[in-house]
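Read-outs throughout are calculated quantities, based only on the coordinates presented, and are distinct from any laboratory measurement. Please read all numbers here as calculations on a predicted model, not as lab measurements. Positions of Cβ are generated from backbone atoms using ideal geometry, with glycine treated the same way; all protein chains shown enter the neighbour counts.
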6 protein chains.
Amino acid sequence: MSSTATLGADSDSISRLGEPDRASLPADIGELYQANHDDNWIRALAVNPDTARRFGAYFASLFSSGRGARLSLAERELIAVIVSAENGCGLCEIHHTIALGEQIDDHARARRIALDHHLAPLSPREEALAAFAVKVTRAPKTVSGDDFRSLRAAGLDDADILEALETSSWFNHTNRIFISLGVKPDDKFFAR
Amino acid sequence: MSSTATLGADSDSISRLGEPDRASLPADIGELYQANHDDNWIRALAVNPDTARRFGAYFASLFSSGRGARLSLAERELIAVIVSAENGCGLCEIHHTIALGEQIDDHARARRIALDHHLAPLSPREEALAAFAVKVTRAPKTVSGDDFRSLRAAGLDDADILEALETSSWFNHTNRIFISLGVKPDDKFFAR
Amino acid sequence: MSSTATLGADSDSISRLGEPDRASLPADIGELYQANHDDNWIRALAVNPDTARRFGAYFASLFSSGRGARLSLAERELIAVIVSAENGCGLCEIHHTIALGEQIDDHARARRIALDHHLAPLSPREEALAAFAVKVTRAPKTVSGDDFRSLRAAGLDDADILEALETSSWFNHTNRIFISLGVKPDDKFFAR
Amino acid sequence: MSSTATLGADSDSISRLGEPDRASLPADIGELYQANHDDNWIRALAVNPDTARRFGAYFASLFSSGRGARLSLAERELIAVIVSAENGCGLCEIHHTIALGEQIDDHARARRIALDHHLAPLSPREEALAAFAVKVTRAPKTVSGDDFRSLRAAGLDDADILEALETSSWFNHTNRIFISLGVKPDDKFFAR
Amino acid sequence: MSSTATLGADSDSISRLGEPDRASLPADIGELYQANHDDNWIRALAVNPDTARRFGAYFASLFSSGRGARLSLAERELIAVIVSAENGCGLCEIHHTIALGEQIDDHARARRIALDHHLAPLSPREEALAAFAVKVTRAPKTVSGDDFRSLRAAGLDDADILEALETSSWFNHTNRIFISLGVKPDDKFFAR
Amino acid sequence: MSSTATLGADSDSISRLGEPDRASLPADIGELYQANHDDNWIRALAVNPDTARRFGAYFASLFSSGRGARLSLAERELIAVIVSAENGCGLCEIHHTIALGEQIDDHARARRIALDHHLAPLSPREEALAAFAVKVTRAPKTVSGDDFRSLRAAGLDDADILEALETSSWFNHTNRIFISLGVKPDDKFFAR
C-alpha cells in the first residue's frame, strides 16, 4: 500500500503521516472506514492496517452499548472527554464531547463538562469517576487504596472500577497517537 | 463471578482489586491464563473478564512475531522497556526486560537498557526509537514533523513509524492500569 | 454592601464569593453591569467595587477598538483565547472564543483555535503571537532576545510587541481571578 | 515616538525593548515618570504609552493608601513580595521588599520574608495571605472553598478576600511583563 | 596528570571526562582505587584528585559499619537505592541494590525494592524512611514538622533523623555527579 | 548528648531538630563551632556530631583558598549562590551572597546575582558556570557532551569541569539538609 505522506500541519493533509490511497484499501479496512463514518482518525490509522484493525476492535468493544459493559455509555464518554481535555487532544475531546451530548441528550451540558468539569453540575458518582480519571492520567503512581474506596463509596463494584480504570488508561493511549500524528479534527465537528 | 478483593498493598493480594475465584472462570479466560503463564497481570485483569479479553487480544496482536509486524520483536520490546521505566511501572519493566533479553539473547544488555538506556550501547536506529518513545510518553504535544523525519532518517517508513508510535502509546495505557491496580511483580522475575 | 456569599461550586451561586445585592449597587457599578451585559464575571467582581472598577477600566482600554491599539482586535482576542486555554480558565476561554469568532466572522475557525491552536490554520504572524503568548504564560523566565526577534520578523515593532506581551500577561491575571473564584460560564455561551 | 531598542541583556539598555526618547514623551507620560521616580520599569513600559497609562493607573489604585482599600498597605506589599519571589521576578521582588520594609518600618524583617517566608516570623493572618498568594500563583486550579474558609477564619470578609486574590493575581501579570522584557533592577536598590 | 578524555557516551570511555592515566596516579588515589575495587565511579572522580579524596572520605564515613552510625547499614543502603532510583542514576541504583542485597542477605527483595518500593514488602520503619527520602529528594521545600513527627513515631531520635536526612541528601549530590559525568555501570553488576 | 528539640518553625528554635546542649559538646565540635562563627547551620548539624564532622570537613576542603582548588573562590561562591537560589535555600543563598560579595569586593553585584543572575553582568566564563550549575541542579539527566564542550570553550580543563560539577552537586546536598531542617538565617545576615 502506498501512503501519500505529507508532513506540514498547515497543509491539506489530515495527519503528519498522511493517509493511504483509498483505491488500494483492504476490504476490511474499507468496512472500518464505513463503520466510523470516514472520520479522519480511522483514515490516519489505516497507514498501518494492523494498527487500524487492533485499535478499531478494542475501541468498538470498550464503547459497545451491549452486554458486558459495566458503566453506562454516558459514563464512558464522560471519562473520554475528561481525559482527552486533560491531555490536550483536541480531536478526541470534540469527538467525545459530541458523543457525550448525544448520550445525555444535552449538548450544552456536554460542552460545559469539556470546557471545565469543575464548574459543571456533576452527580457525586460522576465526580468520583472524573477525579479518578484525572489522577490516573496525571499521576498514576499516586493512586492508592483510598481512591478505590472512594469509587466503592460511589456505588462501583470491582469489575466496574476496573472498567473505569481501563477507560481512563485507554485514552492515554489514543490521545498520544492522535496528538503525535497531528490528526486534524473533521470539519463536521464545527458545523453545528 | 465473585472477587476476593483486598486493598492493602502489603497484603498477600496480587493487586488492589484482588483476583477472581479461579473455580468460576469462564473457559476463554482460563485459556488466557494459560497463554500468559498464570502471570499476576492476567489474573488481576480477569476481575472484569471483558477487560481481560480486549487487553489480551490487543497485546497478542501487537507483540505477535508473525506476518504484519513492521518492527522486529526486539524493537517492540525495547520500546516496552523504555516507556515502562519512564512511567515507573516496575511490573511492566521487569516483564519486558526479560522478554527483551530473550529476543536479543543477551540479558545483561537488556538489564543495562532498563537501568538507563542513555548509558547502554544502542544502534542509531534503536536510539531514534528510544528518543521517540520517551517524547511520546512525556510530552506528546511537543512531537513535531522533525521527530518523524528523524525516524525516516533511521530507516523507518510510514507504516513502521505508526507501529512505533502505537507501541509507545500502548504502554501508556498498560502502565497506568498496572500501576493503579498495584499489581505485584511475580516471584519468578527475581529468581534468576 | 452585603454579600450573599455561598461556597459550593455545585450551588446556584455564580462564584465561591457569591455576588452583591443588586438593590444596593453603587451607580457606576450598575453601569459596569450594563456595559458588560450583566455577565457573571462582572457580577462576581462587584463583591469588591474597587476591584470591579480597576479591572473594568483596564479591560475596556486593552480591548478598545479605537485609536491607540497596535494589534488588531482579532489578534488580541486570539491571545486571550490561547492563554485562557493554556491556563484552563473555561469561562475566559469561551467568552473570548465567541468574541474572536465575531471579530474574524468565522465561529468554526475560532472554535478550532480554542480546541487546539496547533492544528488550526494560522498565518505566520498569528503563529508568532500564539507561540509568544504560550511562552510568556508557561515559562516567562525562558523568554529571550530570540523571541523578540521572531516577533519583529513577523512584522511587529517595539510598541506592538509590548502590547502583545501586555495582553498575554494580562490573561495570567484575569484567568487566576476567575479560576480561583470559580465563576461559572453564563448559560448564553452554550445556547448557540 | 522613536524607540532606542537594543536586545542584549548585557548591554547598557534597561530592557530588551529599550526605552523611548525622553525628549518626545507625551506630557502625561512625563508625569508618570515623575510619580514613579524615573524608575526603570516605567521607562520600559513607556515604549507603548497606552500600556504605561493603563498599568500605571491600575497599580496606583491597587496600592493606594486611601479609602477603598481593604487590606493594609503592608499586607498588599507582603503579597507583592511573595508572588514576585515565587515567579522569580527579581526587579519586582526587590522593589516591593523595600516598600514592605518601609511600611512595617523593619527592613531586616522584610528581607527575611523575601529570602524565605517560611522561615520568617509571620502572624497567622499573614501566613494565611502568604499561603493563598502562593497557591493562586502556582496552581490556581487547585484553589477550593477550603482556601476561602481559611481566609475567613483569619478574619477576612468577602471584599477583603477578593482584594487579596486580585493583588496575588496582579503580580502574575506584572511579573511576566518585567521578566519577559528583562528590565534591570535600578542601581538604587543595591545602594543601601 | 594527563586525562584521556573522550566525550561520546557510546565510546569505550567510562565517562564524559574519561579517566586519568593510571601510571601517574598519586599514591593515595591508588589506594582509593583499591578500596573501591577499581570501580568506574572512583576512576571517573580521579580526574580531579581532590574531588576523589573528599568524596571518598565522606562516603567511607557515611557508610561505615562501625561506631557512630545511627541507622543500620541496611537502612542506609535502602535510602541509597530509593533516592538513586528516584533521580534515575542507574549506576548508583545498581551499585547500592547489590549492597542492600548483601546487607539483608536477600538479593531478590533488594531488586524488588529497586524496581518499585511501593510494591515491595517494607516494615513501617522502612516505609517511613522511604517516604522521607523521596520527599527530601523531590520537594524538600514541602518537608515540615509532620515529617519529623512521623520519623519519631517510627522510633527514630533526633540524631537518627539527621542521619536519615543526611543520607537522603547526600545521594542528591552523588547522583548528580555520576549522571552528569555519564559514568557507565561496571560489567560486574550485570554478571549475576 | 541530649538535644533540646523543638518543632515549631515559629518558635525560638534555630531548626526543626533544635540544637545540642552546648555544655556537653565534644571538644572537636566546639572547634567546628568556632571555625564557623557559631553560625546556626553548624549548631543545627551538631545534633549528630558525625554529620557535623563529615559535612564540615568536606565543606572546608571544597571552599579552601589554598593549593588544589581549580576554580577561583569567587567562582565557587558564584555556583553556591546560583544553586541555592535555584533550590530556594534562603539560608545558603544569603550566606554565600555575602561570601561572594567579599571575594569580589562588590556586595551590590553579589546581591544582583543572587536576585536574578540573568540580569546581572556576568563574564562569558561566569555565564557558562552559571548555566551548567542550573542544569545540573534542575535536570541532570539532560546534561550532555555539549555542556562539557561549552565549559571547555570557556577555558576550563577536565579537572576544572569536575570541580564545577562537584560544587554544583554539593549544594543540592547542603540545600536539602538546611531546607528540610528549616534552619533559620542568622540575624547578622540582615544587619548590614
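Remark: chain F carries a charge dipole of roughly 300 debye about the Cα centre, counting +1 on each Lys and Arg Cβ and -1 on each Asp and Glu Cβ.
Per DSSP helix of 4 or more residues, -39500 (n - 2.57); summed, then divided by the residues of chain F. What does that give at 222 nm, rounded to the nearest 500? Theoretical 222 nm ellipticity from helices: -19000 deg cm²/dmol. Shielding of peptide C:137-147 by partners, expressed as the average count of other chain Cβ atoms within 10 Å per residue Cβ, is 4. As a calculated quantity, the FRET efficiency between D:Lys135 and B:Phe190 at R0 = 45 Å, using C-beta atoms, amounts to about 0.55. Please state the shape class of chain E: rounded when a/c is under 1.5, otherwise prolate if a/b exceeds b/c and oblate if not, all from the C-alpha gyration tensor. Prolate shape, in that a/c is at least 1.5 and a/b is the bigger ratio.
Between F:Arg22 and A:Asp146, what FRET efficiency comes out of the Förster formula 1/(1 + (r/R0)^6) with R0 = 35 Å and r the beta carbon distance, rounded to 0.05? E(calc), rounded to 0.05, equals 0.15. Couplings for the range A:105-114, taken from phi via the Karplus curve 6.51 cos²θ - 1.76 cosθ + 1.60 with θ = phi - 60°, read 6, 7, 5, 5, 5, 4, 5, 4, 5, 5 Hz in order; Gly and Pro are left as x. Under a model in which nothing but the beta-carbon of Lys, Arg (+1) and Asp, Glu (-1) is charged, the range A:22-62 shows a dipole of about 80 debye around its Cα centre. Label reach from F:Glu102 (point 7 Å along Cα→C-beta): in the range F:80-94, amide nitrogens under 18 Å belong to F:80-82, F:91-94.
The HN-Hα couplings worked out from phi for the range B:74-86 by the Karplus form 6.51 cos²θ - 1.76 cosθ + 1.60 (θ = phi - 60°) are 4, 5, 5, 5, 4, 4, 4, 5, 5, 5, 5, 5, 4 Hz, whole numbers, x standing for Gly and Pro. Compactness of the range D:130-179 was expressed as the Cα radius of gyration divided by 2.2 N^0.38 Å, which yields 1.16. Placing a pseudo-label 7 Å from each Cα along the Cα-to-Cβ vector at D:Asp12 and E:Ser72 gives an inter-label distance of 7.0 nm. Projecting the Cα atoms of F:Phe59, F:Val47, F:Leu100 onto the dipole axis of the range F:29-176, where Lys and Arg carry +1 and Asp and Glu carry -1 at the beta carbon, places F:Val47 farthest toward the positive end.
Take each residue in C:163-174, count the other chain C-beta atoms within 10 Å of its C-beta, and the mean is 6.
Taking a sphere under 13 Å around the Cβ of D:Asn87 and counting the other residues whose Cβ falls inside, with K and R at +1 and D and E at -1, yields a net charge of +2. Assuming a ≥ b ≥ c are the square roots of the Cα gyration tensor eigenvalues, decide whether the range C:32-146 counts as rounded (a/c under 1.5), prolate (otherwise, with a/b larger than b/c) or oblate. Cα axes put the range C:32-146 in the prolate bin. Using equal-weight Cα scatterers in the Debye expression, the normalised intensity of the protein assembly as shown in log10 at q = 0.04, 0.08 Å⁻¹ is -0.22, -0.97. Averaged over the residues of E:48-61, the number of partner chain Cβ atoms lying within 10 Å of the residue Cβ comes to 5. Backbone phi angles across the range E:151-159, fed through the Karplus curve with coefficients 6.51, -1.76 and 1.60 (θ = phi - 60°), yield HN-Hα couplings of 5, 5, 5, 8, x, 8, 8, 4, 5 Hz in residue order; Gly and Pro are listed as x.
Its relative contact order, with pairs defined as Cα atoms under 8 Å and 6+ residues apart, puts chain A at 24 percent.
When the listed pairs B:Lys141/C:Lys184; B:Lys188/E:Lys184; D:Lys188/F:Lys184; A:Lys184/B:Lys135; E:Lys141/E:Lys184; A:Lys135/E:Lys141 are checked against a 25 Å cut-off, the alpha-carbon distance exceeds it for B:Lys141/C:Lys184; B:Lys188/E:Lys184; D:Lys188/F:Lys184; E:Lys141/E:Lys184.
Shape class for the range C:73-122, computed from the alpha carbon gyration tensor (a ≥ b ≥ c): oblate, with a/c not under 1.5 and a/b at or below b/c.
Can you check what the net charge comes to around F:Ile29, using other residues whose Cβ is under 13 Å from the Cβ of F:Ile29 (Lys, Arg +1; Asp, Glu -1)? Charge balance in the 13 Å sphere: -2. Dipole size of the protein assembly as shown about its Cα centre, with +1 on Lys/Arg Cβ and -1 on Asp/Glu Cβ: approximately 0 debye, rounded to the nearest 20. Near D:Leu62: Cβ cut-off under 10 Å, other residues only, Lys/Arg at +1 and Asp/Glu at -1. The net charge is -1.
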